[in-house]
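Student: Here you go, one structure.
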Amino acid sequence: MPVVTVGEKVKRGQLLGSVDAPVSAPVHSPIDGEVTEVGTCLTAGGARVASVTVAPSAEQDFETFIPVERGDVRATVRAAGIVGMGGATFPASVKLTPPKDLEISSVILNGCECEPYLTCDHRLMLEEPERVLRGAHVIAETVGAKRIVVGVESNKPDAIESLRAVSSGDVEVMSLVTRYPQGAEKQLIWAVLGKEVPHGKLPAAAGALVHNVATAAAIADAVDAGKPLMERVVTVTGRVARPGNYRVLVGTLVSDLIEFVGGFVGEVSRVIAGGPMTGPALANLDVPITKGTSGIVALGPEECPPVMKGDQPCMRCGRCTEVCPMFLQPFQIGTLANQRLWDRAAPLHPLDCIECGACAYICPTRRPLLQLIRLAKAAEMAKGVKP
Amino acid sequence: MSEDIEKPRLIVASSPHIVAPTTCREIMLWVVGALAPAAIWSMVAMGVPAIVTYAACIGSAVITEAAWNAIAKKPQSLSDCSAVVTGLLLAMCMPPMTPWWMSAIAGFIAIALGKMIFGGLGWNLFNPALVGRAFVVMSWAGVLSKLPNKGWFATLDVAGTKGLDAISGATRLAIASADRAAAGGYGYDLVAQYRPLLFKNLEGSLGEVSAALVILGGIVLIVKGIIDWRIPAGYIGAMGLLSWAFGSDPVFHVLAGGVLLGAFFMATDYVSSPMTKNGRLVYGIGCGVFNAVGRFFGPMPETTTFAILFMNGLAPLIDKAFVPRTFGWVKRDEE
């Protein structure tokens, strides 16, 4: 709920909106300015949400901010509005409060870039490894974990080097096989600990707590300086004039960001918020960057072939089963979903699908496998089955 | 958004937005490329009859698919190149002197009854090329067995036989089989056959001219990740092991009778083979077992076709038996 009114002057770091629900996070103004509108706006995903529009003052000081009140770590992290910055935007404070009966033995930081095209976590690990590791220590202390691991894919040896250079030996920087989706939570736990998170259970069941490296850095800032989450690193890439990683204020419109990087180059057919494997394609560029927006990727028709209807033949090559990180049989679920045979698709566990998109990516006949699996998932959910 | 930036026409679609470069067509062209050395060498070695057989099989397969699509008012599917692969594989399991009309009928049956009647690519239960070959073998067994089994340029070459020179044109496998059946045997030297079977074997079908080139093509497909090594490994392993167990020479039996073409190119057909790694190994072994048992105890030694067709029929059951365990569904009973 907005806690400011139109015409009110706000300072950088000031609370703009807050909700009491446990799984939620407050939002702070990233700039000094004046509230011009309290209403709603569209998000990248197409949802209409409550919003506050702040017109910036002419003078901005990005060094200072109104700090949040610091209590214990969980309270501070909650007050600072920190959410999972890998894209899921799950409130970090909730993750820091695992069920009491489960012991967290390992804190794993996710330094595997979640998707192709994105390099924001890579740059963060290269440029600010201290913040990342400081966050890791705070998290480990809070949940009482003895072991801290940063998992980084082997194609980023410089990031591994950078983290190792500042780690004091109590942090393991683990080089992991470069494969998508190595950065998916359950797959990361499997790669690092060799344990499978049982179906329907939290990662805590495997004794693990996973946070994205950017989230860890934000937690460090909140605990050390009371800094609320107001900005993040966003990879802006693809068909733009100056691709790169930019530190972007939360709430910046995608259209403004595109303009800032010099606009589009060549024909752009899809603009994706996040990565091209899981991110939504924007219908409208006047949507805000949020705390979970890891990238803005502008793709042209050559990179994005049109989505097929689903009647391409499955040649049964088996590539989808080989790449599925959940060991599902996407071709089978896809074929059954295409024929609306929901009851026969259900035993193949469509609800376990993490929607990484690897099956639809790899399919040589371009069957929209993930899109079909989503139909099967929806049919299961409609029956009241919980994922 | 400022007005001086041109607004692009945005397409909204659900993720993923990018796709891997490998397409069905590319995979099929790799198969054609892998078969090319063996096919070209067979044309050189066998001459015009071989070229006629290739042309009749491939032409008939392609025309049948195009005609079927046109009559059934379905979108044309020739661009996926699977009909070319079927025609090519079919030709390679036909003897070079096969009458052209018989090759054309085989191509028609392969595509029409082997593939399109099931719904086209991906829906057939059996390998289309082998369906075409099986049809011809069963329909005209007498004609095929009386064919002069050589191309125009071939010379009589039944190396290593004693007192068997009269059986001109018989395949090495048939000679070996007769040798085993005869009391005491003729002393047919199997080891002496390795060399011709590997490099220039003019007695047999077009895919048997050079085992070495077939192996080369198979290795290319395995290295490129197009076929799974488990199927040829299981097939060749089982074939060799059983041939040895049945008291014969394992290398000869792997090289002869189109086993290599079957193991690398026929049994590995995506559509008619299992989907899972373990399933593929079991399926490959099954092909080898039925091939060997058929060869040593059946009425005729050329059992590759029927061994693979039989295992094609079992492939869906193998898939059912080897459903992969979903990630996280561990020790459910102990939870």
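Every read-out reported here was derived from the displayed coordinates using simple, explicitly stated rules and does not represent laboratory data. Remember, it's a predicted structure, so these values are computed and weren't measured experimentally. Heads up, the Cβs are rebuilt from the backbone with ideal geometry, glycines too, and the neighbour counts pull from every protein chain shown.
Student: For a quick check of your reading of the filter: which GluC sites (Glu not before Pro) in the stretch A:217-273 sit in a DSSP loop and have no more than 16 other Cβ atoms within 10 Å? Before the final figure, lay out each step's value.
Tutor: Values: sites: A:E231, A:E259, A:E267; in loops: A:E267.
Taking the stretch A:217-273 and a limit of 16 other Cβ atoms within 10 Å, the loop GluC sites (Glu not before Pro) found are A:E267.
Student: Same structure, new question: With Cβ to Cβ distances under 11 Å as the rule, what net charge do the other residues near A:A184 carry (K, R +1; D, E -1)?
Tutor: Details: positive: A:R179, A:K186; negative: A:E115, A:E185, A:E355.
That works out to -1.
Student: To continue, here is another question. For chain A, with a Gaussian network of springs between Cα atoms less than 10 Å apart, report the residue from A:G275, A:G194, A:G81 with the top mean-square fluctuation.
Tutor: A:G194
Student: Separate question: Step through the residues of the stretch A:338-349 one at a time and calculate ³J(HN,Hα) from phi using the Karplus curve (6.51 cos²θ - 1.76 cosθ + 1.60, θ = phi - 60°), rounding each to whole Hz and writing x for Gly and Pro.
Tutor: After applying 6.51 cos²θ - 1.76 cosθ + 1.60, I find 5, 9, 6, 9, 4, 5, 7, 6, 4, x, 8, 6 Hz.
Student: Testing the spin-label approximation: label points 7 Å from Cα along Cα→Cβ at B:R9 and A:D286. State their distance in nm.
Tutor: 2.2 nm
Student: In terms of the Cα gyration tensor, with a ≥ b ≥ c the square roots of its eigenvalues, is the stretch A:9-56 rounded because a/c is under 1.5, prolate because a/b exceeds b/c, or oblate?
Tutor: Working: a/c = 2.27, a/b = 1.27, b/c = 1.78.
Here the stretch A:9-56 falls in the oblate category.
Student: Let me ask something else. Let me have the relative contact order for the stretch A:220-326, percent, based on Cα pairs under 8 Å that are six or more residues apart. Intermediate results must be reported in sequence, preceding the final value.
Tutor: Details: 162 pairs, mean separation 28.9, N = 107.
Answer for the stretch A:220-326 is 27 percent.
Student: Something else: Given all pairs of different Cα atoms, what value in angstroms does the Kirkwood hydrodynamic radius of chain A take?
Tutor: Computed over chain A, the radius equals 22.0 Å.
Student: Tell me the trypsin sites (Lys or Arg not before Pro) within the stretch B:174-282 that lie in a loop according to DSSP and have at most 16 other beta-carbon atoms within 10 Å. Walk me through the intermediate numbers first.
Tutor: Working: sites: B:R180, B:K200, B:K224, B:R230, B:K277, B:R280; in loops: B:K200, B:K224.
Here the trypsin sites (Lys or Arg not before Pro) that fit, given the DSSP loop and packing criteria, are B:K200, B:K224.
Student: Hey, another quick one. Using only the alpha-carbon atoms, how far is helix B:211-223 inclined from the longest principal axis of chain B? Give it as 0 to 90 degrees, nearest 10.
Tutor: The answer is roughly 20 degrees.
Student: For chain B, what is the relative contact order in percent, using Cα pairs closer than 8 Å and at least 6 residues apart in sequence?
Tutor: Taking the mean separation of contacting Cα pairs over the length of chain B, I get 17 percent.
Student: What is the local net charge at B:A110, summed over the other residues whose Cβ is closer than 11 Å to its Cβ (Lys, Arg +1; Asp, Glu -1)?
Tutor: Values: positive: B:K115, B:R133; negative: B:E65.
With Lys, Arg at +1 and Asp, Glu at -1, the net is +1.
Student: Roughly how big is the protein assembly as shown's charge dipole about its Cα centre, with Cβ charges of +1 (Lys, Arg) and -1 (Asp, Glu), in debye to the nearest 20? Can you show the working numbers first?
Tutor: On the way: 61 positive and 61 negative charges, 452 e Å.
My answer is approximately 2180 debye.
Student: Could you let me know the centre-to-centre spacing of the stretch A:136-192 and the stretch A:59-89, using Cα atoms, in angstrom?
Tutor: Measuring centre to centre over Cα atoms gives 23 Å.
Student: Still on this model: Find how many whole Å separate the alpha carbon centroid of the stretch A:93-109 from the alpha carbon centroid of the stretch A:336-379.
Tutor: Their Cα centres are 32 Å away from one another.
Student: Give the long-range amide H neighbours of A:E34: residues separated by 5 or more places, or on another chain, with amide H under 5 Å away, using H modelled in the peptide plane at 1.01 Å from N.
Tutor: Sorted by chain and number, the residues that satisfy this are A:V10, A:A55, A:S57.
Student: Going by amide H atoms built from the backbone, whose H comes under 5 Å of the H on A:V173, apart from near neighbours?
Tutor: A:V150
Student: Same structure again: With a cut-off of 8 Å between alpha carbons and a minimum separation of six or more residues, what is the relative contact order of the stretch B:172-321 in percent? Provide the component values of the computation, followed by the final result.
Tutor: On the way: 207 pairs, mean separation 35.7, N = 150.
Computed over the stretch B:172-321, the figure is 24 percent.
Student: Enumerate the calculated ³J(HN,Hα) couplings along the stretch A:3-9 in order (Karplus 6.51 cos²θ - 1.76 cosθ + 1.60, θ = phi - 60°), each rounded to whole Hz, writing x wherever the residue is Gly or Pro.
Tutor: 10, 10, 10, 4, x, 6, 7
Student: Right, something else. Could you tell me which of rounded, prolate or oblate describes the stretch B:14-71, using a ≥ b ≥ c as the square roots of the eigenvalues of the alpha-carbon gyration tensor, with rounded for a/c under 1.5 and, failing that, prolate when a/b is larger than b/c and oblate otherwise? The partial results should precede the final answer.
Tutor: Values: a/c = 8.23, a/b = 1.63, b/c = 5.05.
Verdict is oblate for the stretch B:14-71.
Student: Here's another thing I want to ask about it. Which semi-axis lengths, in whole Å and largest first, follow from the square roots of five times the eigenvalues of the Cα gyration tensor of the protein assembly as shown? Write down the numbers at each step before the final one.
Tutor: Details: eigenvalues 795, 146, 89 Å².
Each semi-axis is the square root of five times an eigenvalue, giving 63, 27, 21 Å.
Student: Here's another thing I want to ask about it. For A:V23 and A:L341 in one chain, what is 0.36 nm times their gap in residues minus the Cα-Cα distance, to one decimal in nm? Show your work: numbers first, answer last.
Tutor: Working: separation 318, 0.36 × 318 = 114.48 nm, distance 3.54 nm.
Full-extension gain reported as 110.9 nm.
Student: Given the C-alpha centroids of the stretch B:191-231 and the stretch A:1-20, what is the distance between them in whole angstrom?
Tutor: 74 Å
Student: Sort the stretch A:231-299 into rounded, prolate or oblate with this rule: let a ≥ b ≥ c be the square roots of the eigenvalues of the Cα gyration tensor; rounded if a/c is under 1.5, and if a/c is not under 1.5, prolate when a/b is larger than b/c, oblate otherwise.
Tutor: Taking the square roots of the gyration eigenvalues as a ≥ b ≥ c, the stretch A:231-299 is rounded.
Student: Then there's this: What FRET efficiency comes out for the pair A:R48/A:E259, r = Cβ-Cβ distance, R0 = 22 Å, nearest 0.05? Don't skip to the answer; put the middle values down first.
Tutor: Numbers: r = 24 Å, r/R0 = 1.09.
Calculated transfer efficiency: 0.35.
Student: Quick one: helix B:304-321 against the long Cα principal axis of chain B, what's the angle to the nearest 10°, folded into 0 to 90?
Tutor: 40 degrees
Student: Along the stretch B:107-113, what does the Karplus equation 6.51 cos²θ - 1.76 cosθ + 1.60 (θ = phi - 60°) give for ³J(HN,Hα), rounded to whole Hz, x for Gly and Pro?
Tutor: Whole-Hz 3J(HN,Hα) from phi for the stretch B:107-113: x, 5, 4, 4, 7, 6, 8.
Student: Can you list the residues, at least 5 places off or on another chain, whose amide H is less than 5 Å from the amide H of A:V210, using H built in the peptide plane?
Tutor: Those lying under 5 Å, H to H, from A:V210 are A:I108.
Student: Cα to Cα, under 12 Å, and not fewer than 8 places away if on the same chain: which aspartates and glutamates meet these conditions relative to B:K200?
Tutor: B:D157, B:E208
Student: Compute the distance in nm between two label points, each set 7 Å from the Cα along the Cα-to-Cβ direction, one at A:E322 and one at B:A181.
Tutor: The two pseudo-label positions are separated by 4.3 nm.
Student: FRET efficiency for A:Q60 and A:T89, Cβ-Cβ distance as r, R0 = 25 Å, nearest 0.05?
Tutor: 0.45
Student: What is the list of residues in the stretch A:88-105 whose amide nitrogen lies under 18 Å from a point 7 angstrom out from the Cα of A:D170, following Cα to Cβ?
Tutor: A:104-105
Student: So, one more: Can you tell me how much longer the chain between A:E103 and A:K386 gets when fully stretched, taken as 0.36 nm per residue apart minus their C-alpha distance, in nm with one decimal?
Tutor: Details: separation 283, 0.36 × 283 = 101.88 nm, distance 2.51 nm.
Taking 0.36 nm per residue and subtracting the Cα distance, the gain is 99.4 nm.
Student: Identify unpaired cysteines across chain A, taking unpaired to mean no other cysteine Cβ lies under 4.7 Å from the residue's Cβ.
Tutor: A:C41, A:C112, A:C114, A:C120, A:C304, A:C314, A:C317, A:C324, A:C353, A:C356, A:C363
Student: Only loop residues by DSSP count here, and only those with at most 15 other Cβ atoms within 10 Å; note down the chymotrypsin sites (Phe, Trp or Tyr not before Pro) in the stretch A:196-292 that meet that.
Tutor: On the way: sites: A:Y246, A:F260, A:F264; in loops: none.
Qualifying residues, ordered by number: none.
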